[in-house]
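Following: one structure in structure tokens, then a few remarks.
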Amino acid sequence: MRHKEIEILIQKSLDHETNGEEERTLQLHLSRCPACRQLYRELMQTEQALTGLIEFYPRQDFDDRVLRKLGLARSLVWAKAAVVLAGAWFGSVLFLLFSPLTEEFFGRVLTSVPALARSIGKIQFAISTFNHVLIPFAKNFNYAFPIIALVFTVLLLYLFSKTMKKEVVCRA
């Protein structure tokens, strides 16, 4: 005969989640019902056997060894993004160095007097705007804040790179 309520109480008792009244109800039922008492004993023995087992942890290189035997390699996602961004930066530098467009651009815009005056006016306007915005902050500026921010940024980038999900690529 199965008693669903008592089975639930047995599970709660094994998990140490019963209150006093539930524990009394369980013990009273176990004293009267041999089937539930047998189930309780079996579950207690199972729990004791499981808690007595030695925990096994594989070595740190376990994943790499298994992937190597399967013919797979682990590659970091952020490493691919870094290569793409570095390539884009290098390509843009080469474009600026060897492109005739930049020579034409600098020849027309920056050497012509009206364009140069407009550029200087825009730069002065931007600087004066930044002055009005940044001067209240600069008066109370503490130089330790950017240093602390830089340290935390580097630390966060390091931690992010360590916890970033790794991608598995098949070499076969």
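Descriptive notes on the structure:
- Dipole of region 24-79, positive direction: furthest Cα of Leu53, Ala79, Pro34, with charges on the beta-carbon: Pro34
- Extension reserve of the Ala81-Val154 stretch, reckoned as 0.36 nm per residue once the Cα distance is removed: 24.5 nm
- Computed from label points 7 Å out along Cα-Cβ, the spacing between Gln45 and Val66 is 3.3 nm.
- At R0 = 22 Å, FRET efficiency that the Cβ-Cβ distance of Ile120 and Phe95 yields, to 0.05: 0.25
Bear in mind that the values in this text are calculations on the coordinates, not laboratory data. All values derive from a computational prediction rather than experimental measurement. All Cβ positions, glycine included, derive from the backbone under ideal geometry; neighbour counts span all protein chains shown.
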